[in-house]
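The values are calculated or read from the model by the stated rules, or taken from the named source; none is laboratory data. All values reported here derive from a predicted model rather than from experimental measurement. Virtual Cβ from ideal backbone geometry, glycine too; neighbours counted across all protein chains shown.
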Amino acid sequence: MISLVAGDAWVLQAILWLPVVGAAHVILGSESRAKILALVWSTLVFLLSASLWWLYNPNAGSGYQLVSSFEWIAKFGVNYALGVDGISLFMLLLTTLITPIAILGSFEYIKTKEKAFYSLMLMLEFAVLGVFSATDMFLFYVFFELTLIPMYFIIGIWGGGRRIYAAVKFFLFTSLGSLLMLVGILYMYSRGGSESFAFDHFLQIPLSLTEQLWLFGAFGLAFAIKIPLFPFHTWLPDAHVEAPTPGSVVLASVLLKMGTYGFVRFLLPFFPLVVSNSFIVGLVMGLGVLGILLCAWIAAVQHDAKKLVAYTSVAHMGFVVLGIFATNEIGLQGAMIIMISHGLSTGALFLLLGMLYERTKTREISEFGGLAKSVPWLTTMFVVSAFASIGVPGTSGFTGEFLALIGAFEVSPTMAIFAATGVVFAAYYMLPMVQSIFFNTKTEPENSELQDLTRRESLVLIPLIVGIFWLGVYPKPFMDRMSPSLNEVIERVEDQEDIGVTLFTPGTSERRVSEDLGHVVDSWETEPTEVGGSD
Amino acid sequence: MINPHLNLFIESGLFVDGNMNWKPIMPAIIILAPLIGFIINGAISLYLNRPNVNSKGESSNGLKRIVSVVGPGSILASFIVVGLNGFRMLLAGHPTTFNANYWTWLQTSDFQVNVGIQIDTLSIVMMAVITGVGFLIHLFSIGYMESEKGYARYFAYLNLFVFFMLILVMGSSYPIMFVGWEGVGLCSYLLIGYWFEDEEKASAGKKAFIVNRIGDLGFLLGIFLLHSALGSVDYVGVAENASGVFVYGGGLVTLITLFFLLAGVGKSAQIPLFVWLPDAMAGPTPVSALIHAATMVTAGVYLIVRSSVLFAMAPVTSALVAGIGVSTALFAATIACKQYDIKKVLAYSTISQLGYMFLGVGVGAYTAGVFHLVTHAFFKALLFLGAGAVIHSMHHALHKVHSEDDPQDMRNMGGLRQYMPITCFLMWIATLAISGVWPLSGFFSKDEIIWMTGSFAMAESSPFPSLYKIYWVMAVATALMTAYYMTRFMVMTFHGKNRTVDGAGSAIHETPKIMLIPLIILGFLSFFGGWVNVTPHLMESVIGGFGALPMTDWLHHWIEPVIAESHHIQLENIGETGHVSPVGGGEVFWAVLSTCAAAVLVIGTTYFKSKSLSYGVLGEDSGTISRFLYNKWYIDEFYDKWIVKPLGQMSKFCWLKFDQGFIDRAVNLSGRSAKGIGWFGSLFHTGQVNTYAFFLTLGLLAVLITVMF
């Protein structure tokens, strides 16, 4: 195959398929070696994918790189086509980073049917990598659905007490959305002359505002459930609580990003008319803000630490949506960085909670207390991850939220102000948990005998912590690589005329919001506030 | 004036380039030294607590010695470099601003933030206070924290704090300042909750962080608005563009400054967000001295001075700044009059003095605000460290006799002068300084603020003249109240009969040397620190010794370049401020006020000494007002009832009723209804031929009827 693809494109192909090879190897190997094999293969994938950092050239103009395309179902114009751009690059890297970490983190947690588990983890990686590297709508959809299957089994087999309920809910809820998207994809396919499923082809399809609205709904719902955007989030806490640690880690760090990735990749460029409609933008941003606030409050009153972190995920994703729908570069950069940052910090939190669970067999916050004394290293790691999660400057969480909020503020100051109060509520949900788990006096005497981090566990956490600080202190290399692709998306939204749409009347769906701000500012300047006082 | 050797050293090429400009590495050392200290101490702390070690603390003495050197040493290194920078600025004759960018932090097409620093006359003053007072407090901590298990952790946090505090004052843009702003909040959280096993202390840290974050929210929104209005968030850019975009008294600049005011109110513990500071006293006492008195809490004042151009254009905000400041000053002073915990008195006193600083910057007297910030750093650090020395001694003495008494309660003290004469003497210096008695430092700084308030009220076109007159009266009342509660504080602690539980009194001893040296240096600074900024009027008067005393108005000239623009705006819109106070010329007033303060002190001392106070549990001998003040106006209870509890209830409601009860239920219901429809359909699939035949017939009939009619 290597000879068939041009230049460095084989790297992308290899990254995608190596997990499958690894999964096969795990299945064929012995039960006892399953975890080592899975770790080796996934690490191999990560090392290979690291080369993308250099292979991808942000200055080489727009569009995908490392592209390769083969006919798959010629009759329908379905291609097996891969490529990478500044948006998918970091999603791929995040996936390949998180998978070996999750695998290494499950060595002690997963004790049964190890072969099956680790091969499913690798298959999950394969499916997610497929989602992020496909450049053909049909292929994308296949991978998008494929992710459900390994995850369904991971929750359903290795999960907690209500695992079946959670797995079914997860599967049905998310596949409901995907089906709507399938209808949308097929409609667009037929509108485009039933020639091709390629992304680039879909971008050329002229759609009326009404069509775009309906399609926006179909695509949007699928991704909104995946993200999950408030109020489609209720499957997430259940899934997280029941999922085994590695499942939670992959779910939070990677799977949720498929939704936000879909927003950036499809919603914005495919339906620019809708995305420039102030009402729709306001609606989606409003849901994001509601998610930030309500889920922060809800998180604050949780008894189960894992559920708490699950709700914070929804709040974080609210910031991402806010940044995306700002449709300016700052906002989108912020959204992308939160996506990565959330993968790192929430992944670390789930891993740490899993480590605590392995030691104490509980996740009830009230059953801990005073752990800082017995497990100082674990405490340090947890506190760092927690502060990254609530966005303290110097960590990745701040970089992302700061940019996303500035971007949103340019479009809708009101939304940004409400969303920004989320930083207060973030402290309000996170600090009490940190306090009752690690500080105060011990509640259970056996908590003083706990084992601190092992070497393996430190190894699991260190890459995440390094990433957190890197993105917090020097995010520029990331931003430079994302910038051209994001600007392309923004241009799509801004140059609506290019796709030959005449159906909408100017003025109805123009970007009113930013003008509103300008107007407000103007009025402030022209009519200075009356200053009291005597002459 | 400057030693030529020092001159040579500075210009030796090590730190300056060919054009005699600083190399960026030089100022970077200032920030990096505490960071390195943090890394070393943090690593030692983690190493001592490493997993799989049963005998924790074995051979830790060597490491402890390293911590004792690295902790204060890194701050000293930083202080020396600050000093070199300062000397260089002095040598240059005219204060130059130094800017350096190290790397680009955030960059998009229309937004850029550099990791850069700006050293100008304002930041160098702050840096000198932070590293100078910071070093003394680090030194003191060696003695104070000696027997603590988390010794390395303590110094790691303290170094980290200095690191962030330096970023706060050295950053060249608002986002960089915000990094320091939140960073010091984080360190404050960690240090307040240093004894984390104590739930009350851990909760105090949590409360501080959350309340501070409300202020941080204001800071963020200020940055956002600044960005969308000016397209620039660094100081240079803001100063350049502000006058072109904003108009005097305009809504936009008012809004921006209001957001920054919220930030300042949170960090500097002003009404209504002051509640975290008294609780923050849960941390070790040197921490209270450094973070919650001398440096971090003054960040709000720094922010306002740094944004003086904006605040000068927003008279409404400025009036609010002054109003909040003076109300806080008076309010906190009333509470301080009835506290029994030695640290609580000082905490409320700090809030009160911060109020003065806000008043100063609110009336456009930015130099006076910074001046009081500096002198306050000296005498309040001294008071806190002195209190720390007392607590340290009390603790050991009480421990010796196995008493459970509270070592911080002044009702258990009294007459400590005989055991700790030097500490007592030094604390009296600080007390006289804070009370504003001539010629100690506090007199010059505080009274300049009060005087400026008066002259602002008498300005040609003062925005709210009568309001400022009220502020002036409140400020004077606070000054006298300060003298009162400080006298009470000193007498209850050091004079009268010793009330410590039997036998413990004699075990109280003078502070060890390592703790005493910082106290002596601070005592010196508290006494003479005010002499750097005595206005010409005052110098020429009797109080200034008719120019005979070595006093200057150096600070005023030093800071002038940073705030010149704001003075310009003020002069343009408000006009010349009257150099008088509402009751007459400044000189007369000063003499009167200082005399009054001194009189209060003398009368108070004799009164408290002569009265055999019953120091019983509060309630036996106190009226309603006393109890009201003792309970801090019941503000905490008020917040608890109207904010904290409702928030919790609303959160519970959102979760149980809305999220679970409504959304999730709707989701499950739709799932179940799908199942229900399926079940209904399945009813027809009985597998029995006659059922199918029945429906077939029914269908046939229906078709027939449709066709026929």
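For (1) closer than 18 Å to A:Met482 by Cα; (2) β-branched (Val, Ile, Thr); (3) in contact with a Ser or Thr (Cβ under 8 Å, 6 or more places away or on another chain), each residue gets a yes or a no:
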{"position": "A:Gly7", "(1), (2), (3)": "no, no, no"}
{"position": "A:Trp17", "(1), (2), (3)": "no, no, no"}
{"position": "A:Val20", "(1), (2), (3)": "no, yes, no"}
{"position": "A:His25", "(1), (2), (3)": "no, no, no"}
{"position": "A:Arg33", "(1), (2), (3)": "no, no, no"}
{"position": "A:Thr43", "(1), (2), (3)": "no, yes, no"}
{"position": "A:Leu66", "(1), (2), (3)": "yes, no, no"}
{"position": "A:Asp85", "(1), (2), (3)": "yes, no, yes"}
{"position": "A:Phe107", "(1), (2), (3)": "no, no, no"}
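Take B:Gly183 and decide whether it is at the interface with chain A (Cβ under 8 Å from one of its Cβ atoms), closer than 24 Å to B:Ile75 by Cα and either of a type in the set (Lys, Arg) or surrounded by 24 or more Cβ atoms within 10 Å (Cβ to Cβ) (or both). When the stated conditions are applied, B:Gly183 does not pass them. Only one of the numbered conditions (1) surrounded by fewer than 18 Cβ atoms within 10 Å (Cβ to Cβ); (2) touching a residue at least 12 places away in the same chain (Cβ under 8 Å) is not met by B:Pro465, and that is (2).
Go through the stretch B:104-147 and count every residue that is touching a Pro at 6+ places or on another chain (Cβ under 8 Å) and within 14 Å of chain A (Cβ to nearest Cβ).
Taking the stretch B:104-147 first, the residues touching a Pro at 6+ places or on another chain (Cβ under 8 Å) are B:105-106, B:113, B:117, B:119-121, B:135-145.
Of the ones still in play, those that are also within 14 Å of chain A (Cβ to nearest Cβ) are B:105-106, B:113.
Number of matching residues: 3.
Can you find even one residue in the stretch B:187-202 that is crowded, with 24+ Cβ neighbours inside 10 Å, within 22 Å of B:Val301 (Cα to Cα) and without any contact (Cβ under 8 Å) to a residue 40 or more places away in the chain? Scanning the stretch B:187-202 turns up at least one residue that is crowded, with 24+ Cβ neighbours inside 10 Å, within 22 Å of B:Val301 (Cα to Cα) and without any contact (Cβ under 8 Å) to a residue 40 or more places away in the chain.
Select from the stretch A:25-64 the residues that are in a loop (DSSP other than H, G, I, E, B) and of a type in the set (Ser, Thr, Tyr) and list them in ascending order. Quick ask: steps written out before the conclusion?
Looking only at the stretch A:25-64, we keep the residues that are in a loop (DSSP other than H, G, I, E, B), and these are A:29-33, A:51, A:56-64.
Listed by number, the residues that qualify are A:Ser30, A:Ser32, A:Ser51, A:Tyr56, A:Ser62, A:Tyr64.
A:Ala243 fulfils the conditions (1) within 25 Å of A:Ser412 (Cβ to Cβ); (2) of a type in the set (A, V, I, L, M, F, W, C); (3) buried (at least 21 other Cβ atoms within 10 Å of the Cβ) except for a single criterion, (1).
Any idea which residue in the stretch B:187-245 is nearest to B:Gly116 (Cα to Cα), counting only those that are among the aliphatic types (A, V, I, L, M) and at the interface with chain A (Cβ under 7 Å from one of its Cβ atoms)? So that I can check it myself, show each step before the final result.
Step one: list which residues in the stretch B:187-245 are among the aliphatic types (A, V, I, L, M), which gives B:190-192, B:202, B:204, B:208, B:210-211, B:214, B:217, B:220-221, B:223, B:225-226, B:229-230, B:233, B:236, B:238-239, B:242, B:245.
With at the interface with chain A (Cβ under 7 Å from one of its Cβ atoms) added as a condition, the list becomes B:202, B:210, B:214, B:217, B:220-221, B:229.
Numbers: B:Ala202: 35, B:Ile210: 28, B:Ile214: 26, B:Leu217: 23, B:Leu220: 19, B:Leu221: 21, B:Ala229: 22 Å.
So, considering only residues that are among the aliphatic types (A, V, I, L, M) and at the interface with chain A (Cβ under 7 Å from one of its Cβ atoms), the one nearest to B:Gly116 (Cα to Cα) is B:Leu220.
Here A:Thr362 meets the list (1) buried (at least 24 other Cβ atoms within 10 Å of the Cβ); (2) over 28 Å from B:Ile176 (Cα atoms); (3) more than 13 Å from chain B (Cβ to nearest Cβ) almost entirely, failing just condition (1). All conditions but one from (1) in contact with a His (Cβ under 9 Å, 6 or more places away or on another chain); (2) hydrophobic (A, V, I, L, M, F, W, C); (3) within 13 Å of another protein chain (Cβ to nearest Cβ) apply to A:Met317; the one that does not is (3). Of all residues in the stretch B:631-639, one or more are loosely packed, with under 12 Cβ neighbours inside 10 Å, farther than 30 Å from B:Phe443 by Cβ and at pLDDT 85 or above. Scanning the stretch A:397-418 for residues that are within 25 Å of B:Ala208 (Cβ to Cβ), surrounded by fewer than 24 Cβ atoms within 10 Å (Cβ to Cβ) and more than 9 Å from every other protein chain (Cβ to nearest Cβ) turns up just one, A:Phe418.
Can we say B:Lys469 is within 14 Å of another protein chain (Cβ to nearest Cβ) and either assigned to a helix (DSSP H, G or I) or over 27 Å from B:Pro315 (Cβ atoms) (or both)? Yes. Within this structure, B:Leu252 passes the test of being farther than 21 Å from B:Gln118 by Cβ and outside any loop (DSSP other than H, G, I, E, B). For the stretch A:149-204, filtering for residues that are away from chain B (no Cβ under 14 Å) and part of a loop (DSSP other than H, G, I, E, B) leaves 9. Kindly indicate which of B:Arg153, B:Arg50, B:Arg65 is of a type in the set (Lys, Arg) and away from every other protein chain (no Cβ under 14 Å). Selected residue: B:Arg65, the only one of B:Arg153, B:Arg50, B:Arg65 that is of a type in the set (Lys, Arg) and away from every other protein chain (no Cβ under 14 Å). Per the listing A:Leu471, A:Leu453, A:Leu486, the residue uniquely in contact with a helix residue (DSSP H, G or I) (Cβ under 6 Å, 6 or more places away or on another chain), in the same structural domain as A:Ser341 (by TED's automatic domain parsing), more than 25 Å from B:Lys206 (Cα to Cα) and not in a helix (DSSP H, G or I) is A:Leu453.
Residues that are within 9 Å of another protein chain (Cβ to nearest Cβ), within 32 Å of the chain's Cα centre (by Cα), modelled with pLDDT of 90 or more and in a loop (DSSP other than H, G, I, E, B) do occur in the stretch A:419-426, at least one of them.
If you check A:Thr443, A:Thr529, A:Thr508 for being surrounded by 15 or more Cβ atoms within 10 Å (Cβ to Cβ), in a loop (DSSP other than H, G, I, E, B) and either of a type in the set (S, T, N, Q) or at pLDDT 85 or above (or both), only one passes: A:Thr529.
If you take the residues of the stretch B:215-245 that are of a type in the set (Val, Ile, Thr) and buried (at least 16 other Cβ atoms within 10 Å of the Cβ), which of them is modelled with the highest pLDDT?
Pass one, the stretch B:215-245, residues of a type in the set (Val, Ile, Thr): B:223, B:233, B:236, B:238, B:245.
Okay, now just the ones that are also buried (at least 16 other Cβ atoms within 10 Å of the Cβ), so B:223, B:233, B:238, B:245.
Working: B:Ile223: 95, B:Val233: 91, B:Val238: 91, B:Val245: 87.
This residue is B:Ile223.
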